[in-house]
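Novice: The structure under discussion is supplied below as structure tokens; questions concerning it will follow.
The values are calculated or read from the model by the stated rules, or taken from the named source; none is laboratory data. A quick note: this is a predicted structure, and the numbers were derived from the prediction, not measured. Counting neighbours? That spans all protein chains shown, and the Cβs are built from the backbone with ideal geometry, glycine included.
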Amino acid sequence: MASPSRSGVFAEATDQRLEAYAESISFDSRLYEQDIRGSIAHADMLQSVGLISETEFTQIREQLEVIRGRLDRGELPLRFELEDIHMHVEQALIDATGDVGRKLHTARSRNDQVSTDVRMWVRESLDQIDALLLDLQRAFLSRCDADFDVILPAYTHLQRAQPVLAPHYWLAYIEKFQRDRERVADCRKRVNQCPLGIAAVAGTTLPIDRRHTAQSLGFEGITANSLDTSSDRDFVLESTFVLSMIASHLSGWAEEWILWSTVEFDFIQIPQQFCTGSSIMPQKVNPDTLELTRGKSARVMGSLQTLMLLVKNLPLAYNRDLQEDKPPMFDAFDTTRAMLELATPIVAGATLKRKSIAARIEKGYLDATTLMEWMIQKGMPQRTAHHLVGAIVGEAMKREVPLAELPIDELSRLSDGQIDASVMDVLGTQNAVAAFRSEGSTAPDRVREQIKVWTERLFN
Ligand code: ARG
């Protein structure tokens, strides 16, 4: 069968190699639901402005619903010569209704049709991503009260830095995923503009009503310039960037928990349902899910790269290159969705290894900065205090003891009598955590306050 897009200008049939090369049905068939909704809205608009009759509209709508059912059940044969989902739907309509179906494509091009379908698909997919991010944030938040008694080392350069409450970690991830959700919402605004009616590239001479279709498809407004719209894939790139940020956050978290689950750290146990064994080493419980999360994030970022390169040299307006946007876009969404779906139960089900954490929490001089600030409060200049505490830590290292176990006499000697027994109030990780006070810090009251704020935001 000849392609419906091959007009009378063609005297020769398409080379079969081109058909296989140019088809997109193998990946865009998943847009069928959006395509049918878009076509019904378009036909409704054509009827409202008198370009088709009411009976014609009814016939088109009913038949499109039949076709939707056939596609739902996988009963519509998919053929390369019909190229894409848009032509499959239209051809099935023409097969069923003849000339009535031949009117559907009035004042429409596949250029605006594809963009409309993809925008609807992306809009729904962004909403799913947002819901999955919320689930993940809730999983982190739900741990906060139960883990409040645990102190963990905060790291810089992956070296022990200062002590923090475990919920301070969980809240850190909640913040990152909140920014991701804000990016999703912001990007959704630009996705949610209706291109339908720009037709191929310059608009149409026919008396259409673009706002009618935009409204019935739930778009916020219509795109302003037909030339821009015909070429525009910013919304695909932007959403893939948003997904890449999410993937980057997930990958960093996965890496952290992989480290934390080693014997060397021994901070956390990943739920066994999400671990795998080894075919040779019987003792192994491997964090494969997290490794795959770290690995799959590369695919999402790779998709962004593909899309950037795809569009960067395109003159206005539509170019067939744009068909290649769909595989990376679908893959980025599918991969991010899967990563999020697995992250949530892992966060909810992981167990902190309290004993093992506590056994080594006094190692690494996490309270050194607190001691320095204690000296500053006594009136010592920061640089002097920094130098002095360095010397005290050096002495403690020599004796292989934590700061709190240095004799007061020794502390007094090293500080020319400026340190007395009251220093014990800030030494040791427990005291050091309690000494924090600034906003955004790990001070227990601040953390409690943040848990309250986030409970309001995420659960009400
Ligand atoms: N299958 C194509 C796509 O998904 C549609 C091509 C429409 N436009 C064109 N002028 N050939 O992008």
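Novice: Has the range 143-158 got any residue that is of a type outside the set (Phe, Trp, Tyr), away from the ligand (no atom under 16 Å from the Cβ), within 30 Å of Leu243 (Cβ to Cβ) and in a helix (DSSP H, G or I)?
Specialist: Yes, the range 143-158 contains a residue that is of a type outside the set (Phe, Trp, Tyr), away from the ligand (no atom under 16 Å from the Cβ), within 30 Å of Leu243 (Cβ to Cβ) and in a helix (DSSP H, G or I).
Novice: Where in the range 322-405 are there helices (runs of 4 or more DSSP H), lying fully within it, with 2 or more residues that are touching a helix residue (DSSP H, G or I) at 6+ places or on another chain (Cβ under 7 Å)?
Specialist: Of the helices (runs of 4 or more DSSP H) lying wholly inside the range 322-405, those with at least 2 residues that are touching a helix residue (DSSP H, G or I) at 6+ places or on another chain (Cβ under 7 Å) span 326-349, 368-377, 382-399.
Novice: Shifting gears a bit: Please verify whether Val89 is within 21 Å of Ser230 (Cα to Cα), buried (at least 19 other Cβ atoms within 10 Å of the Cβ) and touching a residue at least 12 places away in the same chain (Cβ under 8 Å), treating the condition exactly as stated.
Specialist: no
Novice: Quick check: is even one residue across the range 211-228 among the acidic types (Asp, Glu), in a helix (DSSP H, G or I) and under 21 Å from the mean Cα position of the chain (by Cα)?
Specialist: Scanning the range 211-228 turns up no residue that is among the acidic types (Asp, Glu), in a helix (DSSP H, G or I) and under 21 Å from the mean Cα position of the chain (by Cα).
Novice: Another question, if that's okay. List pairs: first in the range 442-460 and over 18 Å from Lys176 (Cβ atoms), second modelled with pLDDT of 95 or more and surrounded by 15 or more Cβ atoms within 10 Å (Cβ to Cβ), Cβ under 6 Å, 6+ apart or cross-chain?
Specialist: Ala443/Phe436
Novice: For the range 119-152, give me the residue count where each residue is more than 30 Å from Arg360 (Cα to Cα) and of a type in the set (Lys, Arg).
Specialist: 2
Novice: What is the number of the single condition among (1) within 16 Å of the ligand (Cβ to nearest atom); (2) farther than 22 Å from Ser109 by Cβ that Gln59 does not meet?
Specialist: In the conditions (1) within 16 Å of the ligand (Cβ to nearest atom); (2) farther than 22 Å from Ser109 by Cβ, Gln59 misses (1) alone.
Novice: Right, another one. List every residue pair whose Cβ atoms lie under 7 Å apart, where the two residues are 6 or more positions apart in sequence or sit on different chains, the first residue falls within the range 317-328 and is under 19 Å from Ser5 (Cα atoms), and the second residue, located anywhere, is near the ligand (Cβ under 6 Å from one of its atoms) and not in a helix (DSSP H, G or I).
Specialist: Gln323/Ser24
Novice: Does Pro402 fit the bill of being touching an Asp or Glu at 6+ places or on another chain (Cβ under 7 Å) and not polar (S, T, N, Q)?
Specialist: Yes.
Novice: While we're looking at this one, here's another question. I'm checking my understanding of the structure. Among residues of the range 98-147 that are basic (Lys, Arg) and over 26 Å from the mean Cα position of the chain (by Cα), which one is nearest to Ile268 (Cα to Cα)?
Specialist: Here the answer is Arg110.
Novice: Okay, moving on. Taking Ser115 as the residue in question, decide whether it is in contact with a Ser or Thr (Cβ under 9 Å, 6 or more places away or on another chain), in a helix (DSSP H, G or I) and more than 16 Å from the ligand (Cβ to nearest atom).
Specialist: No; evaluated as a whole, the condition is false for this residue.
Novice: Quick check on this structure: which one of Ala172, Ala247 is out of contact with any helix residue (DSSP H, G or I) (no Cβ under 6 Å at 6 or more places or on another chain), closer than 30 Å to Leu134 by Cβ, in a helix (DSSP H, G or I) and not aromatic (Phe, Trp, Tyr)?
Specialist: Result: Ala172 is the single residue among Ala172, Ala247 that is out of contact with any helix residue (DSSP H, G or I) (no Cβ under 6 Å at 6 or more places or on another chain), closer than 30 Å to Leu134 by Cβ, in a helix (DSSP H, G or I) and not aromatic (Phe, Trp, Tyr).
Novice: Just for the range 295-314: of the residues that are of a type outside the set (A, V, I, L, M) and touching a residue at least 12 places away in the same chain (Cβ under 8 Å), which one is farthest from the ligand (Cβ to nearest atom)?
Specialist: Per the stated criteria, the residue is Ser297.
Novice: Scanning the range 78-112 for residues that are in a helix (DSSP H, G or I), polar (S, T, N, Q) and more than 13 Å from the ligand (Cβ to nearest atom), which turns out nearest to Ser29 (Cα to Cα)?
Specialist: Gln91
Novice: Next question, about the same structure. In the list Ile40, Ile52, Ile36, Ile25, which residue meets the criterion of being surrounded by 13 or more Cβ atoms within 10 Å (Cβ to Cβ) and within 14 Å of the ligand (Cβ to nearest atom)?
Specialist: Every option except Ile25 fails the conditions.
Novice: Being among the hydrophobic types (A, V, I, L, M, F, W, C) and touching a Phe, Trp or Tyr at 6+ places or on another chain (Cβ under 9 Å) is the requirement here; does Ala41 meet it?
Specialist: Criteria not met by Ala41.
Novice: Let me ask you something else. Report yes if some residue within the range 167-176 is within 16 Å of the ligand (Cβ to nearest atom), in contact (Cβ under 8 Å) with a residue 60 or more places away in the chain and under 27 Å from the mean Cα position of the chain (by Cα); otherwise report no.
Specialist: no
Novice: Turning to a different aspect of this structure: Can you go through Ala161, Ala139, Ala172 and tell me which one is of a type in the set (A, V, I, L, M) and in contact with a Phe, Trp or Tyr (Cβ under 6 Å, 6 or more places away or on another chain)?
Specialist: Ala161
Novice: If you don't mind, another one. Does Gln273 satisfy the criteria of being away from the ligand (no atom under 16 Å from the Cβ), at pLDDT 95 or above, over 17 Å from the mean Cα position of the chain (by Cα) and not in a helix (DSSP H, G or I)?
Specialist: Spelling it out, it is not the case that Gln273 is away from the ligand (no atom under 16 Å from the Cβ), at pLDDT 95 or above, over 17 Å from the mean Cα position of the chain (by Cα) and not in a helix (DSSP H, G or I).
Novice: Just checking, which of Thr204, Thr240 is more than 25 Å from the chain's Cα centre (by Cα) and either surrounded by 16 or more Cβ atoms within 10 Å (Cβ to Cβ) or hydroxyl-bearing (Ser, Thr, Tyr) (or both)?
Specialist: Criteria check complete, one pass: Thr204.
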